[in-house]
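Below is one structure, written out as structure tokens; comments come after it.
The values are calculated or read from the model by the stated rules, or taken from the named source; none is laboratory data. Here the structure is a predicted model, which is why all the values come from computation and not from measurement. FYI the Cβ positions are ideal-geometry reconstructions off the backbone, even for glycines, and counts take in every protein chain you see. The area values use the complete protein model at the heavy-atom level, side chains included, leaving out ligands, DNA and RNA. Shrake-Rupley method; radii C 1.70, N 1.55, O 1.52, S 1.80 Å.
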Amino acid sequence: MPTDRMRSIARIGGRAAGFLVAAALAVAALGAAALVPWPEHRVTPPSLVVQPAESRQQRVCPGPLLTLADDAAAATTASSIGEADVIVGADPEDAEITETPLDAPENPRADRDGTPVALEVEPGTVDAGLIAGAQSQSADTETIAGFAASACAEATSESWLVAGATTLGRTSLVMLANPTDVAATVDVRVTGETGAIDAGSALGIIVPGGSQRVVSLAGIAPNLTSPVVHVTSTGGTIAATLEQSAVDGLAPAGVELTGAAAMPANTQVIPGFVVAEAGGIDPADDHAEGDAFPAVRLLAIGDEPVDVSIGLVPETGSAAGATIEATLQPGRATDVPLGVLEAGAYTVRLEADGPIVAAARAAVGGTDDAPAPGAADIAAAGDFAWSVSTSPLLDDAVVAIPDGASPVLHLANEADDVAEVQLTIDGSTRAITIDAGSAASVEVDAGSIVRLAGVAGVHASVSFDDEGELASFGVQPPGPLDAPIRVFPR
């Protein structure tokens, strides 16, 4: 007879065997299930594609030229020295353009000379980029003399100003215009030939909606030969412009308004770089001083050195272009002399192995030489201009030509195909054929509105070149339009 202990062991063994059998059956069932296709059931969450309402197209003209106060008690006050001439236009011609003056509370002469102006068209009245404005102004004071011209720019949240200097005799002002109804918080970061400048006072600048503020570059970055200014904003968007003026000895030696250059990229194009007088300095001269010679200012955006190839091609095509090789150190702005050049207009092409920003400088008249001992200072009667890199245009564009001597529209075709451009002024149309990799220039009338068609991939600028006067501004395409977005309800 089995004992109680044996019966207990038998019961336990039976249960264990049962568990093993059940486990084996479960494994077999799972294995079989893996071989049998399971039914699929997918649910697409409800969503809706929303097209944002078309907003007004807007441009901002920077306003009159400014000069810092001579009074030591108000040395940072920037006062206007006259009124700028502004011209505006659109396609179609009968589109209504609203001109709204912005507040300039820091300018004590704003009531007399005017302020920055915001240009707007109602949604749907013109296609993207078919509104334009530009301004110009001649100056002839004891501290500022020369001619300056600028396009009225689109306000953005980020821009690069590649121009200026804060060395002895050089004054640079950063003009920040906010055309929106929302206050903008603006950071102005400066990089020079020695690297980034630590200037906490230039961060978090509040620019109220519908107003302009002016920042003296010397106040945040003194004694710089080659500054590059990076402007970013949150809240309202900003149209940023840099005004540079020069004095040699006691004589004024030029003034310029410079708008934003093209955003950082490995390839940059500067169309219509005008060299008014033959001359220059060898690119290998790394001790070149002054600013009365053709040069290109470059900044590598990144943490590694960047090799860049600088090509200069005459617009006329009558001579072979020159190429200059340079290596840029990260975070250090560099002015590269462009060699000895013949007078004329050039297309400057830059190819780099990392993103860069760029602009080129030229001068006319004047001299960097000090007067002979005991000799009286004589007016320099000179001027200079900055030509910024531009982005390629859309298929159609409108360009406003402000008042000034001998304006010229420059077109550089960087597309792979021939550009068949239609140029219309005052109802008269002419065709221009520009081969791939080539450029063309057209003399235009001051005060005219130029309508361009077939310019996709073309870079454009406008220059002014007269005795003792030089100015230039780039023609930039509009920013991206509001894109449709998909909304998922919670």
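Summary of computed values
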{"quantity": "Restricting segment 375-417 to residues that are small (Gly, Ala, Ser), more than 26 Å from Ala253 (Cα to Cα) and part of a loop (DSSP other than H, G, I, E, B), the residue that is modelled with the lowest pLDDT", "calculated": "Ala415"}
{"quantity": "Total residues in segment 197-224, condition in a strand (DSSP E or B) and either under 15 Å from Thr166 (Cα atoms) or in contact with a Pro (Cβ under 8 Å, 6 or more places away or on another chain) (or both)", "calculated": "4"}
{"quantity": "Residues (open to solvent by less than 80 Å² (accessible area, probe 1.4 Å), farther than 15 Å from Ala397 by Cβ and assigned to a strand (DSSP E or B)) located in segment 421-433", "calculated": "Ser428, Ala431"}
{"quantity": "Answer residue from segment 409-420, given it is of a type in the set (A, V, I, L, M) and open to solvent by 30 Å² or more (accessible area, probe 1.4 Å) and is nearest to Ala151 (Cα to Cα) among those", "calculated": "Ala415"}
{"quantity": "Which numbered condition Val117 fails, given (1) touching a residue at least 60 places away in the same chain (Cβ under 8 Å); (2) under 22 Å from Val462 (Cβ atoms); (3) not aromatic (Phe, Trp, Tyr)", "calculated": "(1)"}
{"quantity": "Residue in segment 214-235 that is within 21 Å of Pro337 (Cβ to Cβ) and touching a helix residue (DSSP H, G or I) at 6+ places or on another chain (Cβ under 7 Å) present", "calculated": "yes"}
{"quantity": "Strands (runs of 3 or more DSSP E) contained in segment 67-165 and holding at least 3 residues of a type outside the set (Val, Ile, Thr) and open to solvent by less than 60 Å² (accessible area, probe 1.4 Å)", "calculated": "78-80, 117-121, 131-140, 145-151, 158-162"}
{"quantity": "Residues being surrounded by fewer than 24 Cβ atoms within 10 Å (Cβ to Cβ), under 19 Å from Arg349 (Cα atoms) and not hydrophobic (A, V, I, L, M, F, W, C) - total across segment 260-289", "calculated": "6"}
{"quantity": "Residue identified as without any contact (Cβ under 8 Å) to a residue 24 or more places away in the chain, part of a loop (DSSP other than H, G, I, E, B) and surrounded by 12 or more Cβ atoms within 10 Å (Cβ to Cβ) among Ala456, Ala436", "calculated": "Ala436"}
{"quantity": "Where a residue in segment 126-143 is among the acidic types (Asp, Glu) and its partner, wherever it lies, is open to solvent by 10 Å² or more (accessible area, probe 1.4 Å) and in a loop (DSSP other than H, G, I, E, B), with Cβ under 8 Å and at least six apart", "calculated": "Asp127/Asp91"}
{"quantity": "Residue count, segment 326-359 (criterion: more than 24 Å from the chain's Cα centre (by Cα) and either over 30 Å from Thr433 (Cβ atoms) or open to solvent by 50 Å² or more (accessible area, probe 1.4 Å) (or both))", "calculated": "4"}
